[in-house]
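S.K.: Sharing a structure below in structure tokens format, with a few things to ask.
Derivation of every value follows stated rules applied to the coordinates shown; laboratory data play no part. Predicted model, so just to flag it, every value in this text is computed and none were measured. Glycine gets a Cβ as well: all are built from the backbone with ideal geometry, and neighbour counts include every protein chain shown.
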4 protein chains.
Amino acid sequence: MHTIPSAVVLGVGPEQGLGAALARKFSSEGLHVFIGGRSKKKLESVAEGIRKRGGQSTLVITDATVEQQVCLLFEMANNNGYKLELAAYNVDSIFSAPLLETDIEQFTQLWQQNCMGGFIFGKQAISQLCKHKQGTVIYTGATASLRAKPPFTSFSAAKSGLRALVQGMAREFAPQGIHVVHVILDGVIDGERSRANFPELISSKAENGLLNLEAIADTYWSLHRQPASTWTHEMDLRPFSEAF
Amino acid sequence: MHTIPSAVVLGVGPEQGLGAALARKFSSEGLHVFIGGRSKKKLESVAEGIRKRGGQSTLVITDATVEQQVCLLFEMANNNGYKLELAAYNVDSIFSAPLLETDIEQFTQLWQQNCMGGFIFGKQAISQLCKHKQGTVIYTGATASLRAKPPFTSFSAAKSGLRALVQGMAREFAPQGIHVVHVILDGVIDGERSRANFPELISSKAENGLLNLEAIADTYWSLHRQPASTWTHEMDLRPFSEAF
Amino acid sequence: MHTIPSAVVLGVGPEQGLGAALARKFSSEGLHVFIGGRSKKKLESVAEGIRKRGGQSTLVITDATVEQQVCLLFEMANNNGYKLELAAYNVDSIFSAPLLETDIEQFTQLWQQNCMGGFIFGKQAISQLCKHKQGTVIYTGATASLRAKPPFTSFSAAKSGLRALVQGMAREFAPQGIHVVHVILDGVIDGERSRANFPELISSKAENGLLNLEAIADTYWSLHRQPASTWTHEMDLRPFSEAF
Amino acid sequence: MHTIPSAVVLGVGPEQGLGAALARKFSSEGLHVFIGGRSKKKLESVAEGIRKRGGQSTLVITDATVEQQVCLLFEMANNNGYKLELAAYNVDSIFSAPLLETDIEQFTQLWQQNCMGGFIFGKQAISQLCKHKQGTVIYTGATASLRAKPPFTSFSAAKSGLRALVQGMAREFAPQGIHVVHVILDGVIDGERSRANFPELISSKAENGLLNLEAIADTYWSLHRQPASTWTHEMDLRPFSEAF
């Protein structure tokens, strides 16, 4: 029986968002992409876009913080003729507030979406990839994982946890042929969410001053294509004009 | 009315443990110490030891992950004639396991005790200390906050989150006169818990090969005594024989 | 007049070495490559290999620690119809010894080749690239730039200096359109020098256990091709089987 | 014969400078202090101050970049009845300039004074301390060792090299009983040099906004007094009001 190579992208939202861009890229390279996210409407829109480009995808409404849902997503992607080879965790909920104005629910939710979800995702992805002893898991990280700056303290605590998780996973599973990568996005993404939330910040940027969705997606794909002799486990991406 | 300077130590367990050693040290320096922990019996034993040395303490049964309890602990320590000047978060639950054998409850509990508890503690400590615009908050951290090594990946994710939290707090509150410190303990503590859990590891160590409780406590006290002109925000402590 | 795009690679030695692999890659992408190194014989061999592949190169005998020579190399590469767009510093002299058995000449030479040479190279590269307000400068770094482990202390001091230099350059010149990158090679390169110096280490490695020359070169080229919206300033490369 | 415990401080300049403060502190604790620096006049003034306080010192005109001179300094401090137990490297030449305006002499001199001098110092200090299998070596470091920010790129390259050197030394010699520490000073020192060079910066600072000489010296002494069970290898010191 013919086997169809597949990918999972979790954290797919608007069409002009990173999750969607990753899904489009992976499908354009011939993978059947299982796209997970909470909004059926957004997933349908992204899937339709992939279909129009001649690609293949399956949408799976998925809350990244619910283990059974993520487990199902991966089981679909690595069964019935599909063979998983690439998984990208792109859930990202940013938040900023003075510490004394941050409540425990906000602190916890940030961690659940940015770090605990990454743990669930990693376990399920690796459980499937280990069956073939190869494959790639890529996490979208943030500069906040390297330095905690108020008022992003809680966000930084969550992203630092994610970075450590990914680093430990990379060390544990590299010898088994699984490539786990932490990509540090530093800057504002040129996408729908940023345009809606920070219109003035967006318009203040120079040309090429925003992270380009397709360029990020190309990078993720290149990471997946690295030979086992020469793997990257962490890299940063930022616009030329971004102070760092 | 006479004001009595006070300290809070959360994470007080056996007499030969770091929480108890911190409480003894702070009380020996003249502070009334509010000791928090989950075991009434252990707290009573520590309080009795402090009393015998001529010190003062109040025990408050406290689960570090329950905000109301921590809030109460701090309200007691900064009212009715007590003026809080020092708080130490010493809750530490270590854990190691391969990632695929770690379940979400274990991953979550590690984070709750090591990181979320630190957030609750920090908010309550700073809320009280801000009233006087001075004081010190010290966190017991771990080397795992710097590097994630399997099978300590989940522990590292929790401790990395804590480190980021503390760093952000230090940056946010230093200008307001609050000194927040992350102490990285690297090595095995010469205490009851280690002796019970790792007897062979303990006996394999050279003389001075274990972190000494009193020496750690002296260091925490020195940090509290630093003048505002010359503060430490992060330091490590390890036995001379510890590889790092 | 027609302008020919050019690259500089400094630190070109044996054909089965990284400098040569970079030169071959860049020439295969249509750049005229100016190759610098100390051995005329080796440069000639590399140049001949490029010629046979249909590429173009010019060899310039260059000691990376002599500013005038490096200056000349770059002047040749950005004049007379050549337009420099890419420069790679690949000088690398590794060394290990107990500190008390390291003399000041060894310590100094390590720094001169790994760090001071990088400074000279960066100044000359950027002086030329600034004329066009674009271009890429890539440095071959090492894991030792992140952690100093005996007996590699002196090597680490040199490589840490290089990393800081590159980071500062990246920050200073990114807003001017110059992309400066630090690539951390972690592992043994599958090249002539390693095979000659560590034959047993080489033969102990698993398949894909050595850094592949062509894969590294492909990565450098990808870095050069990144759009200004989405630049990497640091990334690591290591074989899947390398402990880190 | 009675043995007199001794210390070496290299990088002693004006009386209101860190080198002098360290020498005063160490002598007040009962050590005979060998003070090294390039200005005989300044050394005499510091020595006179120590004498007036009832302490003991010997001045040795020393260029930290000349190995024979440093060797002599340490031989004096560990012979003829003196037993070396503590050595502090306090040479610090800061510099800032755009990269293209930095010449190779400046880049080299920065490295020689901040890093190569530290290597010479470490070798000589450890050679003497190894005779007793105990003792402390403390280096004055800078935040620039952690992050390179223009226009401090060259300074950062030098200080990053020093940090790696110290870290490697700490790892190599801790098992032999030698305690090597890197202290990161972050902020402006409240001393003569700062007052002369940055008068406006100084006067803009809040109360306690400058690093206090005596507080730094107390910290160095505390590091020396740490028991072998509980050593610090790196710590930072900064005024409460310093952004970091």
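S.K.: Are there trypsin sites (Lys or Arg not before Pro) in region C:46-90 that DSSP marks as loop and that have at most 16 other Cβ atoms within 10 Å, and which are they?
M.R.: C:R53
S.K.: Find every distance from the label point of B:N197 to the corresponding label point in the other copies (7 Å from Cα along Cα→Cβ) and write them in nm, one decimal, shortest first.
M.R.: With the label placed 7 Å along Cα→Cβ, B:N197 yields 3.7, 4.2, 4.7 nm.
S.K.: Mind grabbing the base-10 log of I(q)/I(0) for region D:59-139 at q = 0.12, 0.17, 0.22 Å⁻¹? Debye formula, identical points on the C-alpha positions, no solvent, two decimal places.
M.R.: -0.40, -0.68, -0.98
S.K.: Using a label position 7 Å from Cα in the Cα→Cβ direction, what is the ascending list of nm distances from D:P5 to the same site in the other copies?
M.R.: For D:P5, the other copies' label points sit at 2.7, 6.7, 6.7 nm, shortest first.
S.K.: Follow-up question, since we're still on this one. In whole angstrom, note down how far apart the Cα centers of region A:8-22 and region A:50-64 are.
M.R.: Value for the Cα centre distance between the two parts: 10 Å.
S.K.: With a/c under 1.5 counting as rounded, go ahead and sort region B:174-244 into rounded, prolate or oblate using the C-alpha gyration tensor (a ≥ b ≥ c being the square roots of the eigenvalues; past the cut-off, prolate if a/b is larger than b/c, else oblate).
M.R.: Cα axes put region B:174-244 in the prolate bin.
S.K.: Show me C:105-117, D:99-111 ranked by packing, highest mean number of other Cβ atoms within 10 Å first.
M.R.: C:105-117, D:99-111
S.K.: How charged is the neighbourhood of D:A243? Take every other residue with its Cβ under 15 Å from the Cβ of D:A243, and add Lys/Arg as +1 and Asp/Glu as -1.
M.R.: Net of charged neighbours comes to +3.
S.K.: Moving to a separate point now. Considering every residue in C:87-99, what mean count of other chain Cβ atoms within 10 Å of its Cβ is obtained?
M.R.: Whole-number average of other-chain Cβ neighbours for C:87-99 is 1.
S.K.: Return the average number of partner chain Cβ atoms within 10 angstrom of each residue Cβ along peptide C:186-194.
M.R.: Mean partner-chain Cβ count within 10 Å for C:186-194: 1.
S.K.: For D:K41, give me every one of the lysines with a C-alpha distance below 25 angstrom, ignoring sequence neighbours fewer than eight places off in its own chain.
M.R.: Cα-Cα hits under 25 Å: D:K25, D:K52.
S.K.: Right, here's the next one. Please give every one of the lysines within straight-line cross-link reach of A:K149, meaning a C-alpha to C-alpha distance under 25 Å, and leave out same-chain neighbours fewer than 8 residues apart.
M.R.: Partners found: A:K159, A:K205, B:K123, B:K131, B:K133, B:K159, D:K149, D:K159, D:K205.
S.K.: Can you give me the P(r) profile for the protein assembly as shown? Cα pairs, bins 10 angstrom wide beginning at 0, each as a whole percent.
M.R.: Calculated P(r), rounded to whole percents: 2, 11, 19, 23, 21, 15, 6, 2, 0, 0.
S.K.: How big is region B:172-211 by the Kirkwood estimate over distinct Cα pairs, in Å?
M.R.: When all Cα pairs of region B:172-211 are included, the Kirkwood radius is 12.4 Å.
S.K.: Arranged by the count of other C-beta atoms within 10 angstrom, fewest first, what order do A:F198, D:F173, B:F152 take? Before the final figure, lay out each step's value.
M.R.: Values: A:F198 13, D:F173 24, B:F152 21.
Listing A:F198, D:F173, B:F152 from fewest to most nearby Cβ atoms yields A:F198, B:F152, D:F173.
S.K.: Taking amide H positions as placed in the peptide plane 1.01 Å from N, state which residues far from B:L211 in sequence (5 or more) or on other chains have amide H under 5 Å from it.
M.R.: Result for B:L211 returns B:V188, B:I189, B:D190.
S.K.: Next question. Over the Cα atoms of region B:1-56, Rg to Rh with Kirkwood Rh, two decimal places?
M.R.: Values: Rg = 10.5 Å, Rh = 10.9 Å.
Here Rg/Rh amounts to 0.96.
S.K.: What is the P(r) of chain C, as percent of Cα-Cα pairs per 10 Å bin from 0?
M.R.: 8, 32, 39, 18, 3, 0
S.K.: Next question. Please report the relative contact order for region D:172-244, taking Cα pairs under 8 Å with a sequence separation of at least 6, and give it as a percent rounded to a whole number.
M.R.: Once normalised by length, the contact order is 47 percent.
S.K.: Follow-up question, since we're still on this one. Between B and D, which B residue has the Cβ nearest their rotation axis, distance in Å?
M.R.: Per the B/D rotation axis, the closest residue of B reads B:M235, 2.
S.K.: Next up: Rank C:N79, C:N197, C:N212 by mean-square fluctuation in a GNM of chain C with C-alpha springs under 10 angstrom and give only the top-ranked residue.
M.R.: Of the options given, C:N197 has the highest mean-square fluctuation.
S.K.: Quick one: net charge of B:L201's neighbours, Cβ under 14 Å, K/R +1, D/E -1?
M.R.: Working: positive: B:R193, B:R195, B:K205; negative: B:D190, B:E200, B:E242.
Net charge around B:L201: 0.
S.K.: Now for a separate question. In the neighborhood of D:W231, defined by Cβ-to-Cβ distances under 9 Å, what is the net charge if each Lys or Arg adds +1 and each Asp or Glu adds -1?
M.R.: Value of the local net charge: -1.
S.K.: Also, I was wondering about something else. Hey, any idea what the orientation-averaged projected area of the convex hull of region D:33-93's Cα atoms comes to, in nm²?
M.R.: On the way: hull surface 17.9 nm².
Computing the convex hull of the Cα atoms and averaging its projections yields 4.5 nm².
S.K.: Could you give, in nm with one decimal, how far D:K131 is from each other copy of that position, shortest first, with labels 7 Å out from Cα toward Cβ?
M.R.: Distances to the matching label points in the other copies: 5.9, 6.0, 7.0 nm.
S.K.: Could you work out the mean count of beta carbons from other protein chains within 10 Å of each residue's beta carbon in C:169-177?
M.R.: Partner Cβ neighbours, averaged per residue: 5.
S.K.: For the charge dipole of chain C, defined by +1 on Lys and Arg C-beta atoms and -1 on Asp and Glu C-beta atoms about the Cα centroid, which residue among C:A144, C:F74, C:L162 has the Cα displaced farthest towards the positive pole?
M.R.: Final value for the positive-end residue is C:F74.
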